[in-house]
1. Kindly list the number of the only condition in (1) open to solvent by less than 70 Å² (accessible area, probe 1.4 Å); (2) acidic (Asp, Glu); (3) under 13 Å from the mean Cα position of the chain (by Cα) that fails for Asp62.
2. When residues of the range 8-25 are filtered for being loosely packed, with under 13 Cβ neighbours inside 10 Å, without any contact (Cβ under 8 Å) to a residue 24 or more places away in the chain and not in a loop (DSSP other than H, G, I, E, B), how many remain?
3. Determine, yes or no, whether Arg28 is closer than 22 Å to Asn129 by Cα and assigned to a strand (DSSP E or B).
Amino acid sequence: MVYITRRERFSAAHRLFRADWSDEENLRVFGNCSNPHWHGHNYELFVTVKGDINPATGFVMDLKQMKAIIHEFVIRHVDHKNINLEVAFMKGKMASTEVIAQSIFEVLKPPFDQENVILHSVRLHETENNYAEYFGTNTPIK
């Protein structure tokens with residue numbers, strides 16, 4: 001089993017808040033990330049797939065195809081967007097790095113399954129110091 005990873009980048013805005021909480025409670029829990037005027041990040045996305053090496057190509061998966069899938073199913077939907085307001089696969093979800101990473105995994109799993117590779121993980125860097133990594137589960141995201 002060999003693992004390969006593709007890195008992509010996107011810029012997006014988001015806000016961490018709960019509409020059912022007061023502004024004070026949102027500020028206490030989420031700090032500056034609850035700013036009602038939003039804030040943004042230059043995200044780095046690392047997508048790792050695994051599988052057997054194809055003896056004819058020497059690839060687990062063609063990286064051009066991997067890039068195309070990531071762009072079609074994720075990047076074009078999130079780049080220069082407001083994650084809370086404009087990203088369909090995030091509708092009704094908390095826009096934390098953890099939930100975004102889980103949601104990206106859910107979006108990418110079916111197209112990678114069709115390519116006969118296993119989506120191993122999605123790692124999303126929000127800053128140079130903070131990231132979330134998700135390895136999949138059978139539990140739906142709330």
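1. With respect to (1) open to solvent by less than 70 Å² (accessible area, probe 1.4 Å); (2) acidic (Asp, Glu); (3) under 13 Å from the mean Cα position of the chain (by Cα), Asp62 is out only on (3).
2. Of the residues in the range 8-25, 2 are loosely packed, with under 13 Cβ neighbours inside 10 Å, without any contact (Cβ under 8 Å) to a residue 24 or more places away in the chain and not in a loop (DSSP other than H, G, I, E, B).
3. On the way: closer than 22 Å to Asn129 by Cα: yes; assigned to a strand (DSSP E or B): no.
No; evaluated as a whole, the condition is false for this residue.
The values are calculated or read from the model by the stated rules, or taken from the named source; none is laboratory data. Small disclaimer: the values here were computed from a predicted structure and weren't measured. Cβ: placed from backbone, ideal geometry, glycine included. Neighbour counts: every protein chain shown. Accessible surface areas use protein heavy atoms only, side chains included; no ligands, DNA or RNA. Shrake-Rupley method; radii C 1.70, N 1.55, O 1.52, S 1.80 Å.
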